[in-house]
Every structure is written in C-alpha cells, then in structure tokens.
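A short reminder: the numbers here are calculations on the coordinates, not readings from a lab. Here the structure is a predicted model, which is why all the values come from computation and not from measurement. Every residue, glycine as well, gets a Cβ built from its backbone with ideal geometry; the counts of neighbours run over all protein chains shown.
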C-alpha cells in the first residue's frame, strides 16, 4: 500500500526502535545520575558525621583537668587539675572550720571554733564530683555535660560533723558553768549517831538541747550566737530520806574473848577488827565480811596461826580472824539482820557457843547479811587486851528483843567417811514489847567428833 508519504511499514518500525533506544538511554542516564546523587549524599553525610564525631572526641578528650565553668562553694576550679583545685579548696575548708560561734550562758558567752565543735567540709567528695563532670556516660552525654558546665555549674562542699568531738568540746567549754547537785550526807558523831547535812539542787547544762541546736547549724550561713539552756538537777539522796533511814541507836552487840599470849593470832584478830570498824551499809545492801576486810596478805600484816583445814588444826596465814567473823555473826543475829551466807567450822570452837560460829576464807567462803533494818547500818569494833566487841548501830525498833537458842548437840553422820558429827540446831526468836512476833530456824551446824 502506498500512502503517498514515502514511508512504508519497515521504515516506521525502524523509527520506533530508535525512539525506544533513546528513551532507554535517557532512563539509564537518569538512573546513573540518581545513583551518583545517592552516593554523593551518603558520602556527604559520612563526612559530616565523621567531622562531628571527630569534633566530639576532641571536645571530650580527657586533659586531666576539671571542666571550665565548674565552681565549688563559689570558688572557680575550672581548668584546674584535682591537685591544683584541692590546694584552693583546702584553704576554704580551713576558713570554714576557723569560724567561731558564741555560746550564751547568761552573763558570759565563750567563743568556740567550728572545727573544735567537730564541724568540717568534705573537700574530697566535692572535688571528685567536679572532676567527674564530662567524664561519665556516652560521648553524647559527655558533650552535653561539658556544654552545660561551661554555662556555670555550682557544687557545694558537703558539711560534716564529728559528734564525739562535739560532746567533748561542749563539756570542756561549759562545765564550769554547771553546778552539780549535792546529795544530803551524814557524819557519825562520837555517840555513833548520824548528823545530817542537807542536799542542794544543781543547775546544769542541758546538753541534749544544746547539741540539737548545734547540729542544726549551717557553716555557710553561720549565726553569731547560740543560747545554752540549763536545767535543775535533783540530788539522789535527800535529808528527808536520811531522816527516814537514820541511825538512832544500838541494834546489837556481842563480845568474845581470846588468849593474848598467842601473839600471832591476836595480831590477826586486831587487824581484821580494825578493818571492820566504821563500815557503813546502805539500806537493802549486803554486809559482806570479805568485801569489808579484804584479802588477808602478809603485806597487810597478817601472820601465820592455827586454822582449821579438813577437820584438822594446821598453821595458816591469818589464823584467828574467824573469831572476828563469828563475833560479827552473833551481833548480826541480835540485830535481826537477814543471814544470806554463813558456814560453821569443821571442828567445835570455844569462843562462841556451838551453832553460833562463822568461818571465812577469802574469797570464796564468806559471811553475809542483808541490811533489812530499814535504815543505815554502822559497824563499830573495839578490842581490849583479851576481848573483841562488835556493835551494830542502826534504826532502832522500840521494844524489840532478839533471843538465840541452840539445841544440845546430837550425834549424826558427817561429810567425811568414817567420821561422826555433833549436830546443833539454832533458832532466832524476835519479841516486840514482850510478844513473840517471829521465830525462825537458823542453818544447822555440824562439827566433826574426835
């Protein structure tokens, strides 16, 4: 078919192929340009990122100095090493500790240093906190931390307090302003009676209240003065109490005899007797022979004399003082004291009736009474050439009479194998105005028989 244009089907096909080729070429070119654009963009981003990262690394590089802009309690420590900053901060710590405060006690107001009161500031903690700025966390965190610090960061020196130092300083500074309470007291006159001196109320520093005030101090905003409060201190013992427990007379007395020709034994008796004299026992307390007389030693003048050991008379240090304890035992019985510890001898002795002796040996074997008299007890002793007397003074109960009765010895078994013993039972009877008010069995006594 002839179109009249001079173009046949084959010619049109060829033209179409060229156009397609051109289009394809343009598309490929566009694609190439796109890839180059993407690659260029990525490269640019990488360069930017690398630059930023390099800058951040340089910015956060550790130069061993505190970040610029950091202040510690108003002192600029930026761009300083820790050692350099410490020298400056130590000056401030010393200045803070050197501050003084007055303690108002009325007409006077002694001054004390904060350092003496135990106050201080912990420079090490503050310096470490300052040094850590820009050095912890990720790079991003470090950058933000350093940038923030450059705008100005304030760190406060932590306030510290040594409470033990506080108490010592307050006591040392203010003790002269306290007047301690004075207990009522007494003296024993020549008639063995009590002369009572009145008590006095004290006026002492209220330490607890003052310590609370001191602990609340701010060493950065120090007040010039603190008021020290005082309080009354009551005495532990009053004249009224002593009047109620007053020694009014003789409760009991007992005398035994000894052989003055036994020089060593007599010396021991007199030493122990003198040690007992003027002993005072508080109401409800224990009267202990060993506690009052103490250990018997050569240095105290005690000598060797016969003592009873395992049922035999043998030489021993301080032999004879059991006569003193036995005399005290009988006096205590007649004073109606409660017996809490007493042991009889293994063998019968002659200076007191059977059943009324008391042996002692330091420190384990003792004679003890409880002072249940309702008042103070006073022990008085005296010796003559051949006698020993023990007296107990205290709160006399009018009309009271004490009697000691002992049974006749009966034969019984002893603690030693093959030996028999004489057993004695004793009773204490108390009368008031002739009427029996109590009767009690005392600890029975057992003596080895020959």
Rounded to the nearest 5, the percent of antiparallel DSSP beta bridges in the stretch 65-244 equals 75 percent
A student applying the Cα gyration tensor rule (rounded when a/c is under 1.5; otherwise prolate if a/b is larger than b/c, oblate if not) would label the stretch 301-450 oblate
Taking Cα atoms only, helix 163-174 is inclined relative to the longest principal axis of the chain by an angle, in degrees rounded to 10, of 60 degrees
The chain, Gaussian network, Cα under 10 Å: of 233, 128, 274, the residue fluctuating most is 128
Expressed in nanometres to one decimal, the distance between label points 7 Å along Cα→Cβ at residue 444 and residue 255 is 3.4 nm
Dividing the mean separation of Cα pairs under 8 Å (6+ apart) by the residue count of the stretch 257-392 yields a relative contact order in percent of 35 percent
In degrees rounded to 10, the 0-90 angle between helix 322-334 Cα long axis and the longest Cα principal axis of the chain is 90 degrees
Candidates 71, 278, 26; GNM for the chain (alpha-carbon contacts under 10 Å) flags as most fluctuating 26
For the chain, the longest principal axis of the Cα atoms and the Cα long axis of helix 263-276 enclose an angle in degrees, to the nearest 10, of 50 degrees
Expected max-MSF residue from 313, 289, 177 in the GNM of the chain (alpha carbon, under 10 Å) is 313
Two pseudo-spin positions, 7 Å from Cα along C-beta at residue 198 and at residue 24, lie apart in nanometres by 13.3 nm
Stretched fully, the stretch from residue 370 through residue 39 gains (0.36 nm per residue minus C-alpha distance, one decimal, in nm) 108.3 nm
CD proxy, 222 nm, the chain: helix-only mean residue ellipticity via -39,500 (n - 2.57) per DSSP H run with n ≥ 4, per residue, nearest 500, stands at -11000 deg cm²/dmol
Simple SL model, points at 7 angstrom along Cα→Cβ for residue 382 and residue 88; separation in nm is 8.8 nm
Once residue 163 and residue 407 are pulled to full extension, the length gained, defined as 0.36 nm per residue separation minus their Cα-Cα distance, is 81.0 nm
Computed over the chain, the relative contact order (Cα-Cα under 8 Å, seq sep at least six) in percent reads 11 percent
Rounded to the nearest 0.05, FRET efficiency between residue 282 and residue 113 (Cβ-Cβ, R0 30 Å) equals 0.10
